[in-house]
Amino acid sequence: MLKKEFKRKDVTRARNLLTGKSGASSETQVGYKKKRVDYKEGDVWVENKKTWTIKDGIKQTISKMDAIKKEIFMPLCCPECGNVMKKRLDKPNYKAHKKCFDCVIEFEHKLRLKGEYDDYIKNLRLKNRLTEIDEMESMFLDLANQSNEGYISEHGELERWKGGVDVSKMSTAISEAAQKGREAVKKELTNEEN
Ligand SMILES: [Zn+2]
């Protein structure tokens, strides 16, 4: 049975995507050795199919659902104009701007008149990039986790990849890269706002 293994080069690729260096070489191969890791405040890793972190000294799971629920929740009326948000374009616009489509159009029109539209779009792109990094991080953490689950051999036995991928180490690498990517975008955002 064949199953694609999540390897070091995939971690490197993930790291490059997360930090925006997608053109960089991703072929460096280094063997992983399993070892015990002591986690510290702020570390993120996958264990027993859950994503964990240490916050305020307490080991706890990160609930992806919490984040997703918060993202999708949309009130009935636009907080800006009070109109009912029922148009097809209201939802994506509410998600991005926290107001209805009409309000976004009006807002952008005013920005154009003031000559501030380009800065606003650049800012928006940077913010979207932050969301993208979060989504990629989550996806890569899932992938890294799957690769250590092993597979059922022809003899019906559970086998794990020989030489074992170090899920904890990969997860840490992925999260570190995501953090680096986020910091770079935030730095650019700060420059943009000043
Ligand atoms: Zn509105």
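The values are calculated or read from the model by the stated rules, or taken from the named source; none is laboratory data. Keep in mind the model is a prediction, meaning the values are calculated, not measured. Glycine also receives a Cβ, built like all others from the backbone with ideal geometry; neighbour counts cover every protein chain displayed. All accessible areas refer to the heavy atoms of the entire protein, side chains included, with ligands and DNA or RNA removed. Shrake-Rupley method; radii C 1.70, N 1.55, O 1.52, S 1.80 Å.
For residues in region 56-70 being surrounded by 11 or more Cβ atoms within 10 Å (Cβ to Cβ) and not in a helix (DSSP H, G or I), which is modelled with the lowest pLDDT?
Looking at the filtered set, the residue picked out is Ser63.
Here are some residues: Lys91, Lys34, Lys86, Lys40. Which one is away from the ligand (no atom under 16 Å from the Cβ), at pLDDT 70 or above and open to solvent by 100 Å² or more (accessible area, probe 1.4 Å)?
From the options Lys91, Lys34, Lys86, Lys40, the qualifying one is Lys40.
Identify all residues within region 136-186 that are at pLDDT 65 or above and among the aromatic types (Phe, Trp, Tyr); write none if there are none.
If the condition is that a residue be at pLDDT 65 or above and among the aromatic types (Phe, Trp, Tyr), then Phe140 is the only one that fits.
Can you tell me which residue is modelled with the highest pLDDT among those in region 94-135 that are within 16 Å of the ligand (Cβ to nearest atom), open to solvent by 90 Å² or more (accessible area, probe 1.4 Å) and closer than 26 Å to Ile62 by Cβ?
Result: Lys98.
Quick check on Phe73: is it among the aromatic types (Phe, Trp, Tyr) and surrounded by fewer than 12 Cβ atoms within 10 Å (Cβ to Cβ)?
Yes: the conditions hold for Phe73.
If you check every pair at least six apart or on different chains, which have Cβ atoms under 6 Å apart with a residue in region 86-115 that is within 24 Å of Glu132 (Cα to Cα) first and a residue that is more than 10 Å from the ligand (Cβ to nearest atom) and among the charged types (D, E, K, R) second?
Close Cβ pairs (under 6 Å, with a partner that is more than 10 Å from the ligand (Cβ to nearest atom) and among the charged types (D, E, K, R)) amount to Phe101/Lys87.
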